[in-house]
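Input: one structure, supplied below.
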Amino acid sequence: MEEKISVNDKSYMVLKLLGKGKGGYSYLVTDGNSLYVLKQIHHEPCDYYQFGNKMEAELRDYRRLKEVRLRLPKLLDFDMEQERILKEYIDGDTIFELVCQDKMREEYVGQMKQMCEFLYAAGINIDYFPTNFVVQAGELYYIDFECNNYMDEWNFENWGVKYWSKTPEFLKYLEEQTGGKQE
């Protein structure tokens, strides 16, 4: 049985679950012609992060990041009632996958640092965790829309970079998530 999900009465076939984050589940979907990412907002508790209205935050954050001119997937549609967001699918490996496969390149960290110059100047931090970044044709894309006001504690240099190589923090996370098995 094929699962279908809709955004504003337009139906998409779910191909697979891409991942679960603090705010929602992301699915790879198709309309029969193209691939997209559909994010379904969830309201599961998160003990380390406080949310307001998640849909309003997603839309607001997308606009903020577009103003900074970050490489992002395009927001294609949203359904406020069903709390769903449809965005462009950026095909490629995540930074997390590249680290696991020992294929991480220093140039991706360099691209992240360039992004940080624009983000910090705008007073913004993003979620620097490596599952939120995809490399397509050598270019780094931030595939989440989450952003927050800048704080040193949560910037790339003080927090995010700890997960962009096989650091003790990365390996501990990997062990907790997979029991040490690399996918």
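Please verify whether M104 is assigned by TED's automatic domain parsing to the domain that holds L15 and either more than 17 Å from G21 (Cβ to Cβ) or in contact with a Lys or Arg (Cβ under 7 Å, 6 or more places away or on another chain) (or both), treating the condition exactly as stated.
Criteria not met by M104.
List pairs: first in the stretch 39-66 and of a type in the set (S, T, Y), second surrounded by 13 or more Cβ atoms within 10 Å (Cβ to Cβ) and at pLDDT below 85, Cβ under 8 Å, 6+ apart or cross-chain?
From the stretch 39-66, the pairs are Y49/K22.
Quick test for you: out of K74, K166, K172, pick the one residue that is among the basic types (K, R) and within 18 Å of the chain's Cα centre (by Cα).
Every option except K74 fails the conditions.
With the requirement that a residue be over 17 Å from Y12 (Cα atoms), surrounded by 13 or more Cβ atoms within 10 Å (Cβ to Cβ) and acidic (D, E), what does the stretch 59-82 give you?
Answer for the stretch 59-82, where residues must be over 17 Å from Y12 (Cα atoms), surrounded by 13 or more Cβ atoms within 10 Å (Cβ to Cβ) and acidic (D, E): just D61.
The values are calculated or read from the model by the stated rules, or taken from the named source; none is laboratory data. Small disclaimer: the values here were computed from a predicted structure and weren't measured. With ideal geometry, Cβ positions are generated from the backbone for all residues, glycine too; neighbour counts draw on all protein chains shown.
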